[in-house]
Amino acid sequence: MRNEVQALISAGAFPAESEAPAAVVQRHEELLLAINRPLTDQEAYGLTKLFGPDSYFGLAWSLLHLLETAPGWPLKEAIAQAHPLWADELRGRCERAGIW
């Protein structure tokens, strides 16, 4: 797993927008933007744990699009571990694309 992916995972799951200090949001954004595409399947698996209860100022959508670059996507076990809101969104996107 690349260092930049590990750094984002180590920064922890995305909190709710209403509970996120600006410095935490900025750090998550910097770490997310530092990751080059595509992800490996292992990286995607680790990153799905970061989803929180909302869109986290759009960063959750950026994470979602990054996950979709993994060669084995959709990774059903990874999706199952995501926050329920985002697990539903990820599954729905895969179903609509005919890859679920």
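Residue by residue through region 8-35, note down the ones that are surrounded by fewer than 18 Cβ atoms within 10 Å (Cβ to Cβ) and either at pLDDT below 95 or part of a loop (DSSP other than H, G, I, E, B) (or both).
Within region 8-35, 12, 13, 15, 16, 21, 34 qualify.
Going by the conditions given, is residue 53 in contact with a helix residue (DSSP H, G or I) (Cβ under 7 Å, 6 or more places away or on another chain), over 20 Å from residue 14 (Cα atoms) and not hydroxyl-bearing (Ser, Thr, Tyr)?
Details: in contact with a helix residue (DSSP H, G or I) (Cβ under 7 Å, 6 or more places away or on another chain): yes; over 20 Å from residue 14 (Cα atoms): no; not hydroxyl-bearing (Ser, Thr, Tyr): yes.
So residue 53 fails the test.
The values are calculated or read from the model by the stated rules, or taken from the named source; none is laboratory data. What you see is a predicted model; the values in this text were computed from it and never measured. Note that we place each Cβ from the backbone using ideal geometry, even for glycine, and neighbour counts take in every protein chain shown.
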